[in-house]
Amino acid sequence: MNRMIKKSSSTLLGYALLGVLHQKPASGYDVRKIFLETAMGNFSDSPGSIYPALRRLQERKLVTAHIEQGAGLRRRRILRITPAGLVELKTWLKTPMDARAVARKLDEWMLRFSFFDGVLGEWETLGFLESFETALKAYVPSLQEFLLTSGSKMSISGRLALENGLLGYETQLRWAAHAIKTYKRKVKSS
C-alpha cells in the first residue's frame, strides 16, 4: 500500500507517519513500535520502509528532528511534524471522496479518518463522514445489483467472496451512519 498519491506528495506510508507525528513527537523507534503494535502495521512495520520514509520526510522539510537526552547516556532523535508537514497532511485529509475511491481505497479512507479529529476538528470530521456515507450509498447498490444479476453464474467461491465484500461495505455503511450520529451529538453539545 506504499504508493504515490501525486507526484509531489508523500506516499501513503509518509502520510501515516505525518499523522502519527502530528499526534505526538516521537523517535523512529517509537514510531516503528506503533506500527508493530497496531493496525498501522498494514501500511508497513518494516524498518527498511519506515526509516527511509522518515528520512525522505525530513529531506522535504515535512519533519524535523532534534536530539533529546534520555536516561543515563542514552540520546534519542525525536521527530516532529513541521508547519509544511501539517499543510501536506491537511491537503491529503481533505482529498475528495467518491464511490470509486471507497471501493478501491477503503484502508486509506480509514487511515485518513483516524487522523481527522486531531488535525481538522470535529466539524470537518463530520463532513468527511457524511461524504464517506454518500460514497458508500452510491457504491453498495451497484454491488447488490451485480450479485443479483451475476451471482448465479459465478462459482460458489466467487459468489461467496462477492457476498463477503458486499457484507463488509454494508457494515461500513451502518458504521458510517452510527459515526455521524455520534459526531452530531458531540458537536451539538460543544
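The values are calculated or read from the model by the stated rules, or taken from the named source; none is laboratory data. The structure displayed is predicted, hence computed values, not measured ones. Positions of Cβ are generated from backbone atoms using ideal geometry, with glycine treated the same way; all protein chains shown enter the neighbour counts.
Pairs meeting the criteria (first residue in the stretch 97-110 and among the charged types (D, E, K, R), second residue in a helix (DSSP H, G or I) and surrounded by 13 or more Cβ atoms within 10 Å (Cβ to Cβ), beta carbons under 6 Å, at least 6 apart or on different chains) are Asp98/Ala135. Inspect the stretch 3-21 for any residue being among the basic types (Lys, Arg) and at pLDDT 90 or above and give the result as yes or no. Checked against the condition, which is being among the basic types (Lys, Arg) and at pLDDT 90 or above, the stretch 3-21 yields no hits at all. Restricting attention to the stretch 159-181 and to residues that are exposed (fewer than 14 other Cβ atoms within 10 Å of the Cβ) and out of contact with any helix residue (DSSP H, G or I) (no Cβ under 9 Å at 6 or more places or on another chain), the residue that is nearest to Gly121 (Cα to Cα) turns out to be Lys181. Any chance the stretch 130-140 includes a residue that's of a type in the set (Lys, Arg), in contact (Cβ under 8 Å) with a residue 40 or more places away in the chain and surrounded by 12 or more Cβ atoms within 10 Å (Cβ to Cβ)? No, the stretch 130-140 contains no residue that is of a type in the set (Lys, Arg), in contact (Cβ under 8 Å) with a residue 40 or more places away in the chain and surrounded by 12 or more Cβ atoms within 10 Å (Cβ to Cβ).
Could you count how many residues in the stretch 131-174 are within 29 Å of Ala84 (Cβ to Cβ) and in contact with a Phe, Trp or Tyr (Cβ under 9 Å, 6 or more places away or on another chain)? Full working, then the answer.
First pass over the stretch 131-174, keeping only residues within 29 Å of Ala84 (Cβ to Cβ): 131-132.
Now drop any that are not in contact with a Phe, Trp or Tyr (Cβ under 9 Å, 6 or more places away or on another chain), which leaves 132.
Of the residues in that region, 1 qualify.
Would you confirm whether any residue within the stretch 49-66 is exposed (fewer than 13 other Cβ atoms within 10 Å of the Cβ) and either in contact with a strand residue (DSSP E or B) (Cβ under 8 Å, 6 or more places away or on another chain) or of a type in the set (S, T, N, Q) (or both)? Among the residues of the stretch 49-66, at least one is exposed (fewer than 13 other Cβ atoms within 10 Å of the Cβ) and either in contact with a strand residue (DSSP E or B) (Cβ under 8 Å, 6 or more places away or on another chain) or of a type in the set (S, T, N, Q) (or both), which makes the answer yes.
Yes or no: Gly165 more than 30 Å from Val187 (Cα to Cα) and either at pLDDT below 95 or assigned to a helix (DSSP H, G or I) (or both)? When the stated conditions are applied, Gly165 passes them.
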